[in-house]
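The values are calculated or read from the model by the stated rules, or taken from the named source; none is laboratory data. Note that the structure is predicted; figures quoted are calculated from it, not measured. All Cβ positions, glycine included, derive from the backbone under ideal geometry; neighbour counts span all protein chains shown. Just the protein is used for accessible areas: all its heavy atoms, side chains included, with ligands, DNA and RNA removed. Shrake-Rupley method; radii C 1.70, N 1.55, O 1.52, S 1.80 Å.
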Amino acid sequence: MIESSKCHTICMVSDFFFPNMGGVEEHIFNLSQCLLIKGHKVIVMTHSYEDRIGIRYMTNGLKVYYLPIKVFYNQCVLPTMICNIALIRYILLREEIEIIHGHSAFSALAHEAMLLGNLLGIKTVFTDHSLFGFADASALITNKLLQISLASCNHCICVSHTGKENTVLRGRVDCKRVSVIPNAVDTFSFTPDPTQRDTTQITIVVVSRLVYRKGVDLTAQIIGDICEKYKEVQFLIAGDGPKRWLLEEIREKRGLQDRVVLLGSLEHSQVLNVLVKGHIFLNTSLTEAYCMAIVEGASCGLKVVSTKVGGIPEVLPEDLIILTEPTVPALLDGLDKAIQDLKNGQIVCPYACNKRVEKYYNWQDVSRRTETVYKIVSKEKTINFRQMLYNHLSSGVWPYLLVISLAFLILQFYEFWVPRKNIDIAKNYKIKRKNVQT
Amino acid sequence: MSTRKKRPKAPWKKILYEKQDYPDNYTDQNIFLKDLRKNVDFKEVSLWEACLGASRLLQEFFTVILFILIYLYMVNKWVEPGIVLYGMSGTSFLGFVFYRIDFTNSAPKVKQHSLGYDIRTILTFVAFGQLFSPVLHTLTDTISTDTIYTMTFIMLLLHLIFFDYGVSSAMVSKSISLSAAMFASICLASRLTSANDAFVLLTVATQIFVLSPILRKELNHNVILTVILFVLDFGFLIQVSFLMSFLFLFVVVLVNLICPVLFVRYQKLKDNIYGPWDEAVVNDADNIVL
C-alpha cells in the first residue's frame, strides 16, 4: 500500500510493448504514465526483445520487466500456461500487485499472468484491442481460447461499443462486466500547422501499415483513379508492409512518381510532420476496433475520409469525418465530396478541430475511467480455487480444469520451496508529484 | 408505466466522442447487438439435393473400387489382360467420341485441341507406356505385399479426400489427388506377373483417374452413371467376397442415405454470426486496373 487507500498497485501485462510500436504499446505506455502521475504504482511485464532483458525504467519511473521468454510466433510467447509460473509469481509477490491488467487477445503472456493472478487472489482486468469474426476455423479456436481465459476475469475493457459487442459474443462474458473506454490521442503532439500545407495542391495523406487488413488494395485503386481525375491532387503515404509493392507498381504504371510519395515506415513522432502537410486523411481499413489513425488525422485538422467498418462510425462526429462503404466507388465518392468541400472552402478550422478532438479523447479521461474500473474490481470478492474451477466449467472445455489444477499445485509447491516471507519487497520509485492533489 | 415521471436523461447513443450520462459498462438492450445478423448466405439444402451431392462422392468411390477390382481380377488371373485392355479402351473411345461431339456442340467458342493433337497424345502415351512398363513393374518389386496394400489404401484415401467434387474449397487439389492415385497404381503394378500386365494396369489407371473425371465433369456427375458403376462394382464384388460386398453396401447406405439425412436434419442448427466487426471483403482485389 502506498499513501492513501485509493491507490492501487497495477501490473500491465502484454507481449506487445516498447521497443515494438503500435496501438497496444502506445495505449499501455500512455495509460501507465497517467496512472503513475495520479499516484498509483504501475509496472509493466512483457517478454524480452533481443538484448532488452531484465528490468528497465522508463519515463516517470515506469518499471518494465522484460522476462527472458523466447518468442514463439508473431511476437507472442508460447502459451504453456505453466512454464513461467515461478518467475511471474515472484514478480507479482515482490511488487505486491493488487490488479493485473492484461492487454490484447493475442498476447499469450497476458492470459498466462491473468490465470496466475486469479490463483494468487489478485484481481484481473483485460483490455481487448481487436475485433474477430466468427466465420473461419482460426477465429473459432481463438474465440474459444478467449472464452476460457475470460471465464474468471474480473472485468473487461473494450475500446469501442462494437468491440464490446464482439467481446461479449466471443468471450461469453456478462455485458455488465465489460466497460467501453476508448483509446486516446495526445492532441498536444498532434497540433495542426496550416502553414506547412501546400497552397497550390491538395494533399491526401495515408498513414497505415501496408497490409491487406488496412485495405491497401482499395488505396491502390483509388490513387490511380483520383490522380487521373484531379490534376492538383498528390498523395503522401507513410508506412511499410508486405503490400507496398502494389502501391509502387501503380505509381510506376501510371507514371505518378512526382505525385505519389511513399515515405516508408516512420517513427510515431515523425508522423506529425506528415500529417500537417495534408488536407485530407484517407483510411481504407477493412476492419478496425477503434482506429487511432483517423483521430490523429482529425487532431491535425485534416478532413477525414474513412471506410465504415468496425468501431469507426462511433469515433468521430459526422462533421469531422466522411464515412463510406468499403468499396472503391464509394471511397471515390467520399474523396470527391471532400475535395469539393475543400475547393468551396467548407472546412472546419484546423485549430477548432484539434480542440474538439482534445475534448473527446485525452489520456486523463481514459485513466480516470480505467481507475473507476479498478475501483469496482478491487471491491469485488476474491474468488477461491473452488469457485474458479466452477467458473471455468461454463466455457465447456473441461480439460482446461486440469491445467488450472496443475498451475495451482505448482504454485503450492513454490509456496513451500520459495516461501512468500523470503521474497524481498521491491522499493518503490519516488516520483515528483506536482500534479497530484494530496 | 411510461407516464411515470423520469429524470430527464438523454437516451444513450452508440458513440465514443461524447461524455454520456451513463456508466462505462452500461448496456442499452435496444441498441446492443442491433447489427447482429445470422446465417446471411444460408440456403437450405433439401434431402434430394443432399443425396445428389453425396452421389458425387460415391461415384468417385465406385471408380476407385472398379480399379481395385480390375487389379484383383488381373492378379488372380481370373481375366485375360487383353480383355481388360480392349474393354476399357473401347469404353474410353466411346467416351472420347461422345466428349468431342458434346464439346463442339455445347461450347463452340472454347478453343479445343485438334483431333490430331489428341491422337498424338495417345500414341505418345502408348509408346512411353510400353517402354517404361518394365521399369515401373519392378520399381516397387522389393517391397513386401502388405506394405504395398497399405500404401495403396492410404494413397487412394488421399485421392478421395483431395478429389475435385465440384465444390470450391481449399481442400481440393487435383494434382495431389491424381498423383496419389497414380502412385497407388504403380504400387499395385509391381504385384502383377509380367511387364505387359503392368502396362495394362497403368493404362487402365490413366483411363479411370485421368480421363474419366474429365468426361464425368462434362456429364455433371450424372446419377445414371453412378447407378451403372454401382451395378458393375457390386456384380463383380459379390463374386469375390461376400463380406466385402456387404461392407460395400453399408458404405453406400451410409454415404448416400444416412449422411444426407443427418446433414439435412442438423442444418437448422447452423448459427453463423455476422456483424460490423467482420472484415470487409475486397471484391476486386485481383483485378486492379494498373
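Take the residues in region A:169-180 that are in a helix (DSSP H, G or I) and facing chain B (nearest Cβ under 8 Å), then tell me which one is farthest from A:Ser378 (Cα to Cα).
Result: A:Leu169.
Among the numbered criteria (1) within 29 Å of A:Phe132 (Cβ to Cβ); (2) within 23 Å of the chain's Cα centre (by Cα); (3) touching a residue at least 60 places away in the same chain (Cβ under 8 Å); (4) open to solvent by 20 Å² or more (accessible area, probe 1.4 Å), which single criterion is violated by A:Glu358?
So the condition that A:Glu358 fails would be (1).
Taking only region A:28-57 into account, find how many residues are open to solvent by 60 Å² or more (accessible area, probe 1.4 Å) and touching a helix residue (DSSP H, G or I) at 6+ places or on another chain (Cβ under 6 Å).
0
With respect to B:Ala184, determine if the residue is in contact with a Ser or Thr (Cβ under 7 Å, 6 or more places away or on another chain) and surrounded by fewer than 20 Cβ atoms within 10 Å (Cβ to Cβ).
So B:Ala184 does not fit the description; no.
Having 3 or more residues that are within 14 Å of chain B (Cβ to nearest Cβ), in contact with a Cys (Cβ under 8 Å, 6 or more places away or on another chain) and not acidic (Asp, Glu) is the bar; report the strands (runs of 3 or more DSSP E) wholly within region A:74-168 that clear it.
A:123-128
For A:Gly345, work out the one condition from (1) within 14 Å of chain B (Cβ to nearest Cβ); (2) of a type in the set (Gly, Ala, Ser); (3) outside any helix (DSSP H, G or I) it doesn't fulfil.
Only one criterion is unmet by A:Gly345, namely (1).
Mind listing just one residue for me: the one in region A:58-80 that is open to solvent by 30 Å² or more (accessible area, probe 1.4 Å) and hydrophobic (A, V, I, L, M, F, W, C) and, of those, farthest from A:Cys11 (Cα to Cα)?
If we take residues in region A:58-80 being open to solvent by 30 Å² or more (accessible area, probe 1.4 Å) and hydrophobic (A, V, I, L, M, F, W, C), then A:Phe72 is farthest from A:Cys11 (Cα to Cα).
Somewhere in region B:163-172, is a residue under 16 Å from the mean Cα position of the chain (by Cα) and of a type in the set (S, T, N, Q)?
yes
What single numbered condition from (1) touching a residue at least 12 places away in the same chain (Cβ under 8 Å); (2) within 14 Å of chain A (Cβ to nearest Cβ) fails to hold for B:Lys34?
(1) is the only condition that B:Lys34 fails.
When region B:36-57 is examined, which residues are found to be charged (D, E, K, R) and in contact with an Asp or Glu (Cβ under 8 Å, 6 or more places away or on another chain)?
Within region B:36-57, just B:Lys38 meets the criteria.
Where in region A:221-331 are there strands (runs of 3 or more DSSP E), lying fully within it, with 2 or more residues that are not hydrophobic (A, V, I, L, M, F, W, C)?
Strands (runs of 3 or more DSSP E) meeting the threshold: A:303-307.
Would you check which residues across region A:134-188 are open to solvent by less than 10 Å² (accessible area, probe 1.4 Å) and charged (D, E, K, R) and list them?
A:Lys164, A:Glu165, A:Arg170, listed by residue number.
Give the residue that is farthest from A:Glu267 (Cα to Cα), with candidates limited to residues of region A:218-234 that are open to solvent by 10 Å² or more (accessible area, probe 1.4 Å) and within 32 Å of the chain's Cα centre (by Cα).
Ranking the candidates gives A:Gln221 first.
Quick check on region A:372-388: of everything there that is away from every other protein chain (no Cβ under 11 Å) and closer than 30 Å to A:Glu26 by Cα, which residue is surrounded by the most Cβ atoms within 10 Å (Cβ to Cβ)?
Of everything passing the filter in region A:372-388, A:Tyr374 is surrounded by the most Cβ atoms within 10 Å (Cβ to Cβ).
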